[in-house]
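Input: a single structure, listed below in C-alpha cells.
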Amino acid sequence: MGGMTASTPARRVLLAAPRGYCAGVDRAVIAVEKALEQYGSPIYVRHEIVHNKYVVQTLEKKGAIFVDQTAEVPEGSIVMFSAHGVAPTVHAEAAERKLATIDATCPLVTKVHKEAVRYAKDDFDILLIGHEGHEEVIGTSGEAPDHITLVDGPDDVANVEVRDPDKVVWLSQTTLSVDETMETVDALKGKFPNLLSPPSDDICYATQNRQIAVKKLAEDAELVIVVGSKNSSNSIRMVEVALDAGAPASHLVDNAEEIDEAWLEGVSTVGLTSGASVPDVLVDGVIEWLAERGYGDVETVKTADESITFSLPKELRRDLRAEAAELSQK
C-alpha cells in the first residue's frame, strides 16, 4: 500500500436506475403535448401538470396555460387536470363553466380515489396518510370529506379520533416514503388493532422503486444528489431516504446550476438520481457538470426493471374543441 495514500481515490458517479419519469408522469406530459398538437393553443391546465419547474416552463412555451382555479379558465375552453388528481367538486366546477375536460390523473391515484369512495360507502372512517395541502391529498379527501381524516406522519397518530375503532381503514398518498408510511401504519395499528389495510399497497411502484435505488446508492456514495423540484413530494422523500440509509449528505436540485461545488469537498463517490417528474435532460446536465469536475466515471446501479406504461386519456380520441363550443352554446 506504500505511496497509495497520497493519491486521491478515483472519482465516480453512481447513477440510479430506475430514476426519473414514471408511467403516470410520462402519460400526463404527453397528454398535454398531444392536446396542444390536436386542438391548438391554449390548453388550460389546472395546477402544475406534474411537480417539475422545467416541464411546466417547457409546456408553457408550447402554449399550455397553468391556472390555480377552474374559475380562471374562460368558458368553452379545454381544461386538463393534473397527474395528481382532483376532487369531484372540481369536475362539477368545470361542467358549470362549460369546459371540455381532459383528465390526466395518474391511474394509480385514481385507484386510491375509488378505494376512498368504496370505503366511505361502507361507512368506514378512512385515515389518509399524507402531507397536508398536497394536491393529491386534497383530491382524494374530496371524494369523501366526511369520512376522511388526514394523518400527517407517525407523530400525528396521537390526535386521531374515529367513530368506531372496528370500522377504520388506512389509505395513503402515492408519493410518500415507504418506510415512513409503514411507521405511521404501525402506530395506527397500535391505537386501532382492527385497522384494515387497503387491498393493495397504495404507495406506487415508481415511488417504491426509486427509494430502493436511492438506498443502494447511499451504501457507497458520500454525497447523493436528487434532481427534482422543491414542491415534488417524491423527490423530497428521496433526499430523506438517502440520509436515513446512511448517506453523509444529500441535496435536492432542480438542475446542475443549483449544485454547490463545496458539496464535493472530500467526496470521491457521488450518487445521482431524479424524482418521478424529472426529464432525463436535467440529469444529463448534472452528469456533464460532474464530469467537468473530474467525476467522469459513470456507473449505473440497477435495482429494478420498469416496463409499465399507461394508455393516454380517452378524451384525446375525441374532438374536444367542437364539444367545448357546443357546451358554451347550451
Among the numbered criteria (1) surrounded by fewer than 19 Cβ atoms within 10 Å (Cβ to Cβ); (2) without any contact (Cβ under 8 Å) to a residue 60 or more places away in the chain; (3) farther than 24 Å from residue 276 by Cβ; (4) not basic (Lys, Arg), which single criterion is violated by residue 196? (2)
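Against the condition open to solvent by less than 10 Å² (accessible area, probe 1.4 Å) and either over 25 Å from the mean Cα position of the chain (by Cα) or of a type in the set (Gly, Ala, Ser) (or both), how does residue 162 come out, does it pass? It would help to see each step written out before you state the result.
Values: open to solvent by less than 10 Å² (accessible area, probe 1.4 Å): no; either over 25 Å from the mean Cα position of the chain (by Cα) or of a type in the set (Gly, Ala, Ser) (or both): yes.
The answer is no for residue 162.
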Residues in region 95-114 that are part of a helix (DSSP H, G or I), in contact (Cβ under 8 Å) with a residue 40 or more places away in the chain and surrounded by 20 or more Cβ atoms within 10 Å (Cβ to Cβ) total 3
Filtering region 59-94 for residues that are touching a residue at least 40 places away in the same chain (Cβ under 8 Å) and surrounded by 16 or more Cβ atoms within 10 Å (Cβ to Cβ) leaves a count of 11
Please work out which residue is nearest to residue 70 (Cα to Cα), limiting yourself to region 30-45 and to residues that are open to solvent by 10 Å² or more (accessible area, probe 1.4 Å) and hydrophobic (A, V, I, L, M, F, W, C). 36
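Which one is most open to solvent (accessible area, probe 1.4 Å), of the residues in region 165-193 that are within 30 Å of residue 27 (Cβ to Cβ) and of a type in the set (D, E, K, R)?
Filtering region 165-193 for residues that are within 30 Å of residue 27 (Cβ to Cβ) and of a type in the set (D, E, K, R), the one most open to solvent (accessible area, probe 1.4 Å) comes out as 179.
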Which condition does residue 13 not pass, out of (1) of a type in the set (Val, Ile, Thr); (2) within 30 Å of residue 222 (Cα to Cα); (3) without any contact (Cβ under 8 Å) to a residue 12 or more places away in the chain, if it passes all the others? (3)
Only one of 277, 268 is of a type in the set (S, T, N, Q), buried (at least 23 other Cβ atoms within 10 Å of the Cβ) and modelled with pLDDT of 95 or more, namely 277
Give me a count of the residues in region 206-235 that are touching a Leu at 6+ places or on another chain (Cβ under 9 Å) and open to solvent by less than 50 Å² (accessible area, probe 1.4 Å). 16
Tally of residues being in a helix (DSSP H, G or I), in contact (Cβ under 8 Å) with a residue 40 or more places away in the chain and surrounded by fewer than 23 Cβ atoms within 10 Å (Cβ to Cβ) across region 115-133: 1
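The values are calculated or read from the model by the stated rules, or taken from the named source; none is laboratory data. Only a predicted model underlies this, so the values are computations on that prediction, with no experimental measurement involved. Here Cβ is always computed from backbone atoms with ideal geometry, including for glycine, and neighbour counts include all displayed protein chains. SASA here: full protein model, heavy atoms, side chains in, ligands and nucleic acids out. Shrake-Rupley method; radii C 1.70, N 1.55, O 1.52, S 1.80 Å.
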